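What follows draws every value from the coordinates through simple rules; no lab data is involved. Computed from a predicted model, the values in this text were never measured in an experiment. Cβ atoms come from the backbone with ideal geometry, glycine included; neighbour counts cover every protein chain shown.
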Amino acid sequence: MTAKVHVDLPGRAYDIMIAPDLLVQAGDLIAPLGGRKNVCILTDENVAGLHLQALQDALRQAGIASEALALPPGEGTKCWAQLERSVEWLLSQKVERGDVVIAFGGGVIGDLAGFAAAILRRGVRFVQIPTSLLAQVDSSVGGKTGINSPSGKNLIGAFHQPSLVLADTALLGTLTSRDFLAGYGEVVKYGLLGDADFFEWLEAEGPALAAGDTDARVRAVTRSCQMKADIVQRDETEQGDRALLNLGHTFCHALEAATGYSDRLLHGEGVAIGCALAFELSARMGLCSQEEPSRVRAHLRDMGMKVDMADIAGDLPDAEGLLALMGQDKKVLDGKLRFVLARAIGDAFMTGDVPSDMVLGVLNDALAQR
Ligand code: GLY
């Protein structure tokens, strides 16, 4: 049984389909989009080695020929040089305005291929086939595309919604446990920001889900995508509610910068630690009870995830240094910072009223435990 989430944006509506073994149906699901019976696939070398043959076979069975470009894996690929390479390759393949490009990989490929599709011939359609949990629940949905700049992550890009998202949960079986759990950090985030019942369900079913339970994986990806779709429908370009998706991300961005965007800390791991810190800050500001951050930490700990700064290997800057890295320093107004905080699990909100000394207090205490 395939779950479906409809993203209802005027003129840019699309479906997210979620099920194990969707890849073998990819040709039949993509063919109705039209375009020539010849598609270009952007992927990375790891995903290509594992799954490209299966995708190309599935397309062929639906009468669709395909060519693929496999880029190097890793965040470093989200750069001008690989964007230029991708766009020039798509042009050399004579992609036309009516054609469909496939983004086949994790968040890096989805963001880069989506941006290439956004700017190629002023915009061609693209299909996301996300292969990581993080991409299935977050980056493949909602139309944020782009690359990194030496000045910071995701600073160059465009909103360009996909025409279809195929989330094949069986592909998650080839992820390392670390990559799977990093993606799970984003799943937990949805419960924390807007659905206490979902968080409670994750507390009960998270271990089975991590162990490979198919139904639990489909349900978790579907609920996450539904929550993201609801938010994106309300606020596609992040003028308001979409910022709630950044729960945990202010702390996370500082920690990612402090660890050099290296494998010392994966993005989803930083999100999980950041969510725990955001709840800690919320409790200290009297917005929620102290039980809430304790419950968040307990679940992350049960899942075997990184929970605290003490779980990050190597040196970190001091609290002042981390505060500066939050990228929020320019936005300080009268000593106040903007954050996503919470009144309870499942009830997050945006506020511009966070005293910087409160943030420093949370950071100092977290660093003291290292
Ligand atoms: N990943 C956050 C967003 O799509 O808005």
Out of 255, 244, I need the residue that is more than 18 Å from residue 9 (Cα to Cα), touching a residue at least 60 places away in the same chain (Cβ under 8 Å) and within 14 Å of the chain's Cα centre (by Cα). Which one? 244
Looking at (1) crowded, with 24+ Cβ neighbours inside 10 Å; (2) within 15 Å of the chain's Cα centre (by Cα), which is the only condition residue 117 fails? (2)
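Does residue 155 count as over 21 Å from residue 50 (Cα atoms), under 20 Å from the mean Cα position of the chain (by Cα), in a strand (DSSP E or B) and of a type in the set (A, V, I, L, M)? Spell out how you get there, then give the answer.
On the way: over 21 Å from residue 50 (Cα atoms): yes; under 20 Å from the mean Cα position of the chain (by Cα): yes; in a strand (DSSP E or B): yes; of a type in the set (A, V, I, L, M): yes.
Answer is yes for this residue.
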Just the residues that are in a loop (DSSP other than H, G, I, E, B) and among the β-branched types (Val, Ile, Thr), please, taken from the stretch 158-179. 176
If residue 176 meets every condition in (1) within 16 Å of the ligand (Cβ to nearest atom); (2) loosely packed, with under 15 Cβ neighbours inside 10 Å apart from one, which number is that one? (1)
Out of (1) over 19 Å from residue 12 (Cβ atoms); (2) of a type outside the set (Lys, Arg); (3) over 16 Å from the mean Cα position of the chain (by Cα); (4) crowded, with 24+ Cβ neighbours inside 10 Å, what's the single condition that is false for residue 109? (3)
From the option list 129, 119, single residue qualifying as among the β-branched types (Val, Ile, Thr), closer than 22 Å to residue 49 by Cβ and away from the ligand (no atom under 13 Å from the Cβ) is 129
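Of all the helices (runs of 4 or more DSSP H) wholly in the stretch 212-320, which have at least 3 residues that are within 16 Å of the ligand (Cβ to nearest atom)?
214-234, 249-258, 267-284
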Taking the condition of being over 18 Å from residue 97 (Cβ atoms), surrounded by 22 or more Cβ atoms within 10 Å (Cβ to Cβ) and either small (Gly, Ala, Ser) or within 11 Å of the ligand (Cβ to nearest atom) (or both), how many residues in the stretch 132-166 meet it? 10
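What residue, among those in the stretch 58-86 that are in contact (Cβ under 8 Å) with a residue 12 or more places away in the chain and charged (D, E, K, R), is surrounded by the most Cβ atoms within 10 Å (Cβ to Cβ)? I'd like the intermediate steps shown before the answer.
Residues of the stretch 58-86 in contact (Cβ under 8 Å) with a residue 12 or more places away in the chain: 58-75, 77-80, 82-83, 85-86.
Going one step further and asking which of them are charged (D, E, K, R), we end up with 60, 67, 75, 78, 85.
On the way: 60: 12, 67: 14, 75: 18, 78: 23, 85: 17.
Taking the candidates together, the pick is 78.
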